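This report concerns only the one structure given below.
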Amino acid sequence: MLSRKNKLLLLKLLSLFSVVRGYNILMIALAQYLASIYILSPNLPLRQVIFDLNLFFIVLASGLVIASGYIINNFYDAEKDLINKPKKSMLDRLVGQRFKLTTYFLLNFLAVFAASYVSFRAVLFFSAYIFGIWLYSHKLKKVPFIGNFVSAILAISPFFAVFVYYKNFETVIFVHAVFLFLLILAREMIKDLENMTGDIAQNYRTIPILYGARVSKLGIAALVLLTLVPSLLLIAKFDIGHMNLYFMACVAFLLLFLVLLARSSTKAHYVWLHNILKLIIVVGVFSILLIDVNLVLNRIF
């Protein structure tokens, strides 16, 4: 049996894991490695990619910055989250604000230190990334649409870091990036509908608060329709192996999403829509393996 002190320590660790959303960071790290292997450097030996220390430190720096970003976002949104996400907020509050800020600065320092192994340009990139996350959390997230747009840019920045490292400028990569960006931007706008109660209480100026849910839903529908364009291009114009099955499924799910969006009116509906987009993104990470199911075996032997 765990003592009361050990139970409290375990709860605090779970609280910190909840604040930094460790599951999301692990998923992004996996996505960076899979994108590197299957999309950005398909001609390099598998061992060379997996054991590339530069890539490892880019992924490590990305994870540390994302973790610190969740902490500073949680710090600024503490009161709003108490309204929108009361159960999660109570768990998050087991870790004090002072400890969160200390961890925030420590993680940022470690991220810049990890980036220094790669190059000075990597240090500049991750320093700008850190500043961008702070500026978004402190100011920009309260600005309608600009906040959503910047949030989506910040979300795909870890992949941009890997993309620049490999210097692979093929058109198919840009089409993948546009698909992901539009999907994340639509998800960010859904979150505004989902969090309206807390946003109103904290005087956030989001699109649904300023212009109404109908205008917000029209904007989301437009983004989802735009997302169909790169999906169809990837199916019809590019050789992406069996990953075309994923994009075919995406087209079907996104059309279903539009029907559900038109009928949605409550927070529960918006949570479902948010989860649909999140599922599409998560499944997309693993579907990268479908680009070439024999690639790993071929590159090992």
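Numbers for the structure displayed
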| read-out | value |
| --- | --- |
| Residue count, the stretch 240-270 (criterion: in contact with an Asp or Glu (Cβ under 6 Å, 6 or more places away or on another chain) and of a type in the set (A, V, I, L, M)) | 0 |
| Total residues in the stretch 147-170, condition in contact (Cβ under 8 Å) with a residue 24 or more places away in the chain, of a type outside the set (A, V, I, L, M) and assigned to a helix (DSSP H, G or I) | 10 |
| Any hit, the stretch 196-204, residues being within 30 Å of Y33 (Cα to Cα), of a type in the set (S, T, Y) and surrounded by 15 or more Cβ atoms within 10 Å (Cβ to Cβ) | no |
| Those helices (runs of 4 or more DSSP H) lying entirely in the stretch 204-301 with at least 2 residues of a type in the set (A, V, I, L, M, F, W, C) and more than 20 Å from the chain's Cα centre (by Cα) | 207-211, 213-236, 243-263, 295-300 |
| K100 vs. criteria charged (D, E, K, R) and surrounded by fewer than 18 Cβ atoms within 10 Å (Cβ to Cβ) | no |
| Pairs with Cβ under 7 Å, 6+ apart, first in the stretch 278-293 and in contact (Cβ under 8 Å) with a residue 24 or more places away in the chain and small (G, A, S), second in a helix (DSSP H, G or I) and buried (at least 19 other Cβ atoms within 10 Å of the Cβ) | G284/Y246; S287/M243; S287/Y246 |
| Any helices (runs of 4 or more DSSP H) falling wholly within the stretch 1-97 and containing at least 3 residues that are at pLDDT below 85 and in contact with a Leu (Cβ under 6 Å, 6 or more places away or on another chain) | 4-20 |
| Residue check, V162 β-branched (V, I, T), at pLDDT 90 or above, more than 25 Å from V224 (Cβ to Cβ) and surrounded by fewer than 20 Cβ atoms within 10 Å (Cβ to Cβ) | no |
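The values are calculated or read from the model by the stated rules, or taken from the named source; none is laboratory data. All figures in this text were calculated on a predicted structure; none of them were measured in a lab. Glycine also receives a Cβ, built like all others from the backbone with ideal geometry; neighbour counts cover every protein chain displayed.
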